[in-house]
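Report on the following structure.
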Amino acid sequence: YARRVMRIEDAHALVIGISRYQRVSSLRPTQDAQDMVAALQDPGCCGYPSATLRRFVDEAATRDAIFQALDALARDTRPESPVFIYYSGHGARAPGNDDETYYLIPFDAEAASREDLDRTAISSTVLSARLRAIPASRLTLVLDCCRAADLAAPRLAPAVTALAQGRGRAVLAASRATDYAYTLPGRRNSTLTGHLLDGLRGAAGGVSGVIRICDLFHYVQQQVASEPLEQHPVFKAELEENYPVALYH
C-alpha cells in the first residue's frame, strides 16, 4: 500500500499570521500560520509547492509586504492556478464611524482613527481591488479575525464581486459581523483554524479521494458551533463546481 500523494500544478498560497503587533494590542499567541503552512505543503494533505507558498508572521506581516505578496499572486498566477489565501489577526471597523468599511490590521498598522486605518491598514475596498487582479479561477480566502463576515457581507459588494469572477471562488470567514473570533486558553490554534486544519487533514470527510470546499466548510461550521462560544463562521462563494482543497484518505 502506498499512501496517495497530492501534487497541485502551479498552485500558490499566501499565509499571514499576526498575534504580536507594533502599535495595537496583541492577540493570544497561536501556531496558526505555522500549522497552516505545514498542512498546505504536506503532499499527503494539500500538496502546495514550497516555492510558491509565501508566509508572513508577526513583524514580517507589514502592510507593504502583504501588498507585494498580493501583487505577486496577480503577476505569477494563471486562470488554471489554484490560490489559497489565509489571514489570522485583528479585523476592525473604523472607530466611531457609521460606514461599512472593514479593515485587516497588518503588524505595523495604527488604529486610533479612520485616518490611521486608511493610511496604515488594509480596507475591504483595497483588498478587493488586489483580489480582482488575481487571475486564478479557484481562489479560497480564509479570514480568521473578529467580525470577518463584514468583508464577505453582500453590502460590501466589491470584495464578494472580486471572488465571483472565477469558476470557484470562496470566502470562509471566522465570524459573523457581530461576533468575535476566539482562541481558547491552552490551545495551539484558534477555534476556527484548529477545526479547519482538522478538516483539511481528513476529519471533514470526502468522496473520490478528495475533500471539497463545501464539505470543508460544513465540517468547520459544525465543529465551531459545538464550542461554548458565540462564534458563527460564514461562507460566501460563487461556484461552478465544489472544488477539491485536500486529499481524503
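Computed from the coordinates by the stated procedures, all read-outs in this text should not be read as laboratory data. This structure is a prediction, so every number in the text was calculated from the model and none was measured.
Restricting the count to DSSP beta bridges whose residues both fall in the chain, what percent are antiparallel, rounded to a multiple of 5?
40
Using modelled backbone amide H atoms (1.01 Å from N, in-plane), which distant-in-sequence or interchain residues come within less than 5 Å of E238's amide H?
Those lying under 5 Å, H to H, from E238 are R169.
Enumerate the amide H contacts of R212 below 5 Å, restricted to partners 5 or more residues apart or on another chain; note that Pro and chain-start residues carry no placed amide H.
HN-HN under 5 Å from R212: V207, V245.
In µm²/s, what is D for the chain at 4 °C and 1.567 mPa s, where D = kT/(6 pi eta Rh) by Stokes-Einstein and Rh is the Kirkwood radius from Cα pairs?
72
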